[in-house]
Amino acid sequence: MTAAAPGPKTNMGQPVPRYDAAAKVTGRATYASDMPLDNPAYAFLVTSAIAKGRIDRFDLDDARRVRGVIEIVTHENAPKLKESKLFSNGGYAGTTIQPLKSAEIAHDGQIIAVVVAESYEAAREAANRVKVSYSAAAPSATFDSPGTTTAAAKGQSSQFKEDPKVGDFAKAFDAAEVKLVASYETPTQHHNPMELFTTSCAWMGDNLVIYEGSQYVYGLKNGVAEQLGIDADKVRVVNPYVGGGFGSRGSMTPRTAIIAAIAKHVNRPIKLVPTRDQGFTITTHRAETRHEIKLGASRDGKLVALRHEGAEVSSRSDAYCVGGTKTTTRLYACPNVDSLVSIVRADRNTPGFMRSPPEVPYLFALESALDELAVKLNMDPVELRRINDATRDPIDGKPYTSRSLMACFDEAAKAFGWSQRSPQSKSMSDGDWLIGYGCAATCYPTLMAPSAARVRLHRDGRTRVEIAGHEIGTGAYTVIAQTAAERLGVPLEKVAVFMGDSDLPPAPVAGGSNSTASTCSAVMMVCDQIRQRLLKAVMPSDSLADKAKETVGISPAPSTQAGKGDRPLEIEKAFDALGVGVVEEYGEWKPDGAPMDSFRAMHNGQVRLVGGHQMKDQIAYAFGAEFVEVRINRFTHEIRCPRLVGAFAAGRIMNPRTARSQLMGGLIWGMSSALLEATEIDERNARYVNDNLADYLVPVNADVPGVEVIMLSEQDDHINPVGAKGLGELGNVGTNAAICNAIYHATGQRIRKLPVRLENIEL
Amino acid sequence: MAVQALGAAAAANESLTKAAAQPLAGGTTLIDLMKLDVMRPTAIVDINPLARAWSAIAPGGDGLRLGALARMSDVAANTEIQRSYPVIADSLKLAASAQLRNMATLGGNVMQRTRCNYFRDVSYENCNKRNPGSGCAAMDGVNRMHAVLGTSDQCIATYPGDFAQALIALDAMVEITGKAGTRSMPFAQLHKAPGTTPDIETALQPGELISAFSIQGRWPRSVYLKTRDRQSYEFALSSAAIALDVQDGTIRDARVALGGVATVPWRAREAEALLKGQRFDDGLAQRVGEAAFADARGRRHNSFKIALGKRVVARALQQAAMMEI
């Protein structure tokens, strides 16, 4: 075992190498834009240079003169598309702002023309020669900009159902022995996956194939069909690999349907490769947020009152909202809780999911505030969390299915060397560097959604698993193959998994960290159907069939035990008894509590996520604790983070290697979110300024010399058949607060606005 | 050496005399700017065939000669340069990424253009550098990375490089080859502060190429200190190239150049004057830092660079003074 492939503890799978590892590092993995097209034309986008106003006139003469130009599409000649509703309103779209529909401009970088040419270079050249005359109006950029409107999220966004409250916050806060009131701010951020926001659309008669990196092939298929006004069965979305999603490919963006319609019009397959900077405005982003936290506590550290007020910026047209108070009001035991989330509307593109949508900004506020309270109480911040650890959801009183928060704190503290920390701020240094230690909690709801799967077993053990899941880099192929191999008792190398194709049985969006639990539960169930058929063949009597049901039926127990049953299945004997060459089963799995329309919605590309705090009698979250060391140069004030240590518990760990990789990436991103990443907005014109990877900073290797991931053994029999909690979005929550807490420890300076840059440090 | 190369250069010069023709060496800036539609050359002249004659890395007894087509990584890895000119080796090593340093040449490096976002985004009409007389979007825009020294009412774009600070600190000469032959000038005269003509960035005439750089003497007591948002692959928020000649505890000669804070490679001569003839102490280092930024002028987001720059100069001086030669 190595650091990269940790030895499995209890209730963990084997750390088998990633199925697609060699293909990816040698460039053989085919991403959407690598798919060969027959005689394609190339599209290049023209995007608006203003954020608000209208287009008066296009001058296309120069552009049309570029050799190889086939067509230039603007709102004046664009194919008409049907509208799509926002995903949260029963639609598929991440924004309802539809480009090329009219002369109106709703945000910076809106698609205003599509140039189609014989080559990418010709299309780009012509796009650069398109001249646009605008009538610009003064846009509202962000918080505090003139012209924004603010209103409570509840009531305007079906995504945001409730401002959690319990007890009497005002009274308890008034009477509290120790009080804290503090405001926090997080910036606009963009996902910037390596794979650009490309799409390729090819028609074969009335049938459309879309090659596009998507986290939800069924959503995209149904959404594009809706916009084109065609039968969804005529649309197929294919993407065996996705070059990073992070939420940016979860909902349909406006680019796809328009490219499909233009491809039909010019009667050629079209390949669109937008630029990196266009990716900042033609998709979604994490909105900037503001928070006010009020904490009241007794002198011995017991929380008596907690209020979290959050505000998020959205577009004029769409009330997108992450509303993380559903998590922050439930993390700690507190009898009097109040919360309120508001949406501020500005002339911006609609924000969207970005890993981990609610928790990253909202826990920054809460976990910073906890640290501030610990300082006020002169208490170790780990102990403050221990005192307020909860076994029940404080809002609804439901028990946690499992909760290893303090075990994570203890494991991580030990590995980090927290006991070496001198409690006073400004008390540790090493040469030119001031040293600070900080910590914070992380948590993420355990979510699941209905999923289908088809499994085919050959007599010699070869197995084919088909499921329209998504390999967004998490290791989905690998853990699904492991699940099938284990459940059927066949060697892993005999299992082939097919995903990323909407012609396969439907799987949910690869979002909300639900994929592993959902797809593996479906695969487990279908493998059991196969086992049942085989067992019935070799155990024909009624009593034995009942026995078979009992031992191989879907069970909440972890797959290792339930999968094996009480006797080995002799596959060849069973095939002979059945007299067939192949056994194939299809099945549809849904989690407990899934709504009545779940399976219909699944086929229609609409997600029905359940879990988290919305379970009927329980509440399910994964937990972790993160510890960081920051170093601040006393001369230059540069902030560096030499050590990140995280301990996490997330039910069954399907594959410690791929899980570690997810959590490690999360820790790095969490650090980045605190110290580097911010999309700068020019407030005069509501435009993004640093829209490229040279200026939108993400960490390089030199920034992360030490990252340690510890996975705790945890068993949870209440969540799903696999027993797994989603962990993809667990790693990057809380890190931002841990960093600021460490900066306080190093400098005595509390920084409440991200990202922290050297000019924010005053020594 | 340059004379031998002129045969090859002649063909190049013919194209280069056309205003819109551009030489291509490593291509690490030109290709980017062409993709962004900022630079629209009608012809590109590949000058890499000159590399055989123009990529000398020649430290000698009385000085150093560097060919303009030497690659950044090769120069940074040269042990004699690391020993006798650490400020040069470090300025190269701390620039860009390993991949870029393998491609980029010294001549191209000093000619790299500003990273001003408004310059690099052609959807902004108002950029005096791109469209003379159109105004400056950065002046009241997002200008955290912009210059506080050498600015004008027309332009505050930062000169982004690192190596140039080492050259200007060491009084390098730049050798320029054109149709009329070869001429030399102080490197300090190569770049033009924006003034009222930010579109004119250097003293190079159409058709001229930088062929080499030369430096007199050795500067073993020299450092390049670079401050930036991340640990690698990032432009300087503030940097200092320092070279000292210390004899028996007295500073006989001192050089202070600044990066990341000025519109051109910047030599802080008034600050240097404070050092000459003095014995080093921390108070002196701080006074030098103050003097180096005496004329600095900040804007909305970049004023921090003034205080930062002073500390960077002071710290770099301390590091140079403490070096064991």
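Can you work out ³J(HN,Hα) from phi for every residue in region A:204-211, in order, using Karplus 6.51 cos²θ - 1.76 cosθ + 1.60 and θ = phi - 60°, giving whole Hz and x for Gly and Pro?
Each residue's phi maps through the Karplus curve to give 10, x, 8, 9, 10, 10, 10, 9 Hz.
What residues from region A:381-407 fall in the zone where the backbone N is under 12 Å from a label point 7 Å along the Cα-to-C-beta line of A:Asp617?
Taking a point 7 Å out along Cα→Cβ of A:Asp617, the residues of region A:381-407 whose backbone N falls under 12 Å are A:399.
Going Cα to Cα from B:Lys179, which lysines come in below 17 Å? Please leave out same-chain ones fewer than 8 positions away.
B:Lys18
Give the residue list of trypsin sites (Lys or Arg not before Pro) in region A:91-177 that are DSSP loop and have at most 14 other beta-carbon atoms within 10 angstrom.
Details: sites: A:Lys101, A:Arg124, A:Arg129, A:Lys131, A:Lys154, A:Lys161, A:Lys165, A:Lys171; in loops: A:Lys101, A:Arg129, A:Lys154, A:Lys161, A:Lys165.
Listed in order of number, the matching sites are A:Lys101, A:Lys161.
With +1 on each Lys and Arg Cβ and -1 on each Asp and Glu Cβ, and nothing else charged, work out how big the dipole of chain B is about its Cα centre, in Debye to the nearest 20.
Around 360 debye, computed over chain B.
State to the nearest 20 debye the size of the charge dipole of chain A about its Cα centre, where the only charges are +1 on K and R beta carbons and -1 on D and E beta carbons.
Here the size comes out at about 440 debye.
Partner chain Cβ atoms within 10 Å, averaged over the residues of B:222-232 - can you pull that number for me?
Values: counts 0, 0, 0, 2, 2, 6, 4, 9, 12, 11, 5.
Per residue, the average neighbour count from other chains is 5.
Calculate the length of the line joining the C-alpha centroid of region A:209-280 to that of region A:337-410, in whole Å.
36 Å
Among A:Pro591, A:Ser298, A:Gly612, whose Cα lies farthest out toward the positive end of the dipole of chain A, if unit charges sit on the beta carbon of Lys, Arg (+1) and Asp, Glu (-1)?
Going by the charge dipole, the pick is A:Pro591.
Please work out the FRET efficiency for the pair A:Arg67 and B:Met34, using the Cβ-Cβ distance as r and a Förster radius of 22 Å; give the result to the nearest 0.05.
0.80
State which helices in chain B qualify, where a helix is a whole DSSP H run, it must extend 20 Å or more along its own axis by its Cα atoms, and its mean Kyte-Doolittle hydropathy must be at least 0.5.
B:304-322
Using the count of nearby Cβ atoms within 10 Å as a rough guide to exposure, how do B:His191, B:His301, A:His745 rank from fewest to most? Each step should come with its number before you reach the end.
On the way: B:His191 22, B:His301 16, A:His745 27.
So the ranking, lowest neighbour count to highest, is B:His301, B:His191, A:His745.
Full-extension gain between A:Lys376 and A:Met406, please, as 0.36 nm times their residue separation minus the C-alpha to C-alpha distance.
8.6 nm
Charges on Cβ only, +1 for Lys and Arg, -1 for Asp and Glu, centred on the Cα centroid of chain A; of A:Gly579, A:Cys740, A:Ile72, which one is farthest towards the dipole's positive end?
Positive-most Cα among the choices belongs to A:Gly579.
For a quick check: with amide H placed at 1.01 Å from N, whose amide H comes under 5 Å from B:Ile57's, ignoring anything fewer than 5 positions away on the same chain?
Close amide H contacts, sequence-distant or interchain: B:Gly67.
Would you mind computing, in nm to one decimal, how far apart the modelled labels at A:Leu693 and A:Lys171 are, each placed 7 Å from Cα along Cα→Cβ?
5.7 nm
Specify whether the C-alpha gyration tensor of chain A places it in the rounded, prolate or oblate class, a ≥ b ≥ c being the square roots of the eigenvalues: rounded for a/c under 1.5, otherwise prolate if a/b is larger than b/c and oblate if not.
oblate
Where a Cα-Cα gap under 13 Å defines reach, which aspartates and glutamates qualify for B:Lys192, not counting those fewer than 8 residues away within the same chain?
B:Glu201
Starting from 0.36 nm per residue, how many nanometres of slack lie between A:Arg462 and A:Thr391 once their C-alpha separation is accounted for?
Contour length minus the Cα-Cα distance gives 21.0 nm.
Apply 1/(1 + (r/R0)^6) to the Cβ-Cβ distance of B:Ala77 and A:Lys161, taking R0 = 41 Å, and write down the FRET efficiency to the nearest 0.05.
Numbers: r = 61 Å, r/R0 = 1.48.
The formula returns an efficiency of 0.10 here.
So how do A:Val304, B:Val87, B:Val122 line up by other beta-carbon neighbours within 10 Å, fewest first?
Lowest count first: B:Val122, A:Val304, B:Val87.
Along Cα→Cβ, 7 Å out, is where each label goes; now give me the distance between the ones at A:Asn267 and A:Lys82 in nm to one decimal.
With each label placed 7 Å out from Cα toward Cβ, I get 2.6 nm.
How many Cβ atoms of partner chains, on average, are near each residue of A:699-706 if near means within 10 Å of its Cβ?
Details: counts 4, 6, 3, 5, 6, 1, 1, 0.
That average works out to 3.
Got a sec? Charge dipole of the protein assembly as shown, +1 on Cβ for Lys and Arg, -1 for Asp and Glu; which of B:Gly60, A:Phe44, A:Leu569 is way out at the positive end?
B:Gly60
Let me make sure I get this right: for region B:225-322, a, b and c are the square roots of the gyration tensor eigenvalues over alpha carbons, sorted descending. Under 1.5 in a/c it's rounded, otherwise prolate if a/b > b/c, else oblate. Which is it?
Prolate shape, in that a/c is at least 1.5 and a/b is the bigger ratio.
Starting from the Cα of A:Lys131, draw a straight line to each of the aspartates and glutamates and keep only those under 14 Å, dropping any in the same chain fewer than 8 residues away.
A:Lys131 reaches A:Asp56, A:Asp59, A:Asp61, A:Asp62, B:Asp37, B:Glu125.
Evaluate the relative contact order of chain A (contact order divided by residue number), counting alpha-carbon pairs under 8 angstrom at least 6 apart; express in whole percent.
17 percent
Using the crude model of +1 on Lys and Arg Cβ and -1 on Asp and Glu Cβ, and no other charge, please compute the dipole size for region B:224-325 relative to its Cα centre, in debye to 20. Spell out each step's value before the answer.
On the way: 17 positive and 12 negative charges, 106 e Å.
Computed charge dipole of region B:224-325: roughly 500 debye.
Taking only C-alpha pairs under 8 Å that are 6+ residues apart, what is the relative contact order of chain B in percent?
18 percent
Students often get this wrong, so check it: of A:Lys590/A:Lys725; A:Lys24/A:Lys221; A:Lys161/A:Lys221; B:Lys129/B:Lys310, which have C-alpha atoms separated by over 23 Å?
A:Lys24/A:Lys221; A:Lys161/A:Lys221; B:Lys129/B:Lys310
Quick one: which of A:Lys426/A:Lys753; A:Lys82/A:Lys271; A:Lys9/A:Lys179 span more than 31 angstrom between C-alpha atoms?
Working: A:Lys426/A:Lys753 20 Å; A:Lys82/A:Lys271 22 Å; A:Lys9/A:Lys179 42 Å.
Check vs 31 Å cut-off fails for A:Lys9/A:Lys179.
Which whole number gives the average count of other chain Cβ atoms within 10 Å of the Cβ atoms across peptide A:125-135?
Working: counts 2, 0, 1, 5, 1, 0, 0, 1, 0, 0, 0.
Per-residue shielding by partner chains comes out at 1.
Please arrange A:Val46, A:Val538, A:Val382 by how many other C-beta atoms lie within 10 Å of their C-beta, fewest to most.
A:Val538, A:Val382, A:Val46
If I model a spin label at A:Met596 and B:Ser152 as a point 7 Å from the Cα along the Cα→Cβ vector, what separation in nanometres do I get?
Taking the two extended label points, one gets 7.5 nm.
All of the numbers you see were taken from the coordinates with simple rules; none came from a lab. The model shown is predicted, which means the values in this text are computed figures rather than measured ones. Because the Cβ atoms are built from the backbone with ideal geometry, glycine has one as well, and the counts that use them run over all protein chains shown.
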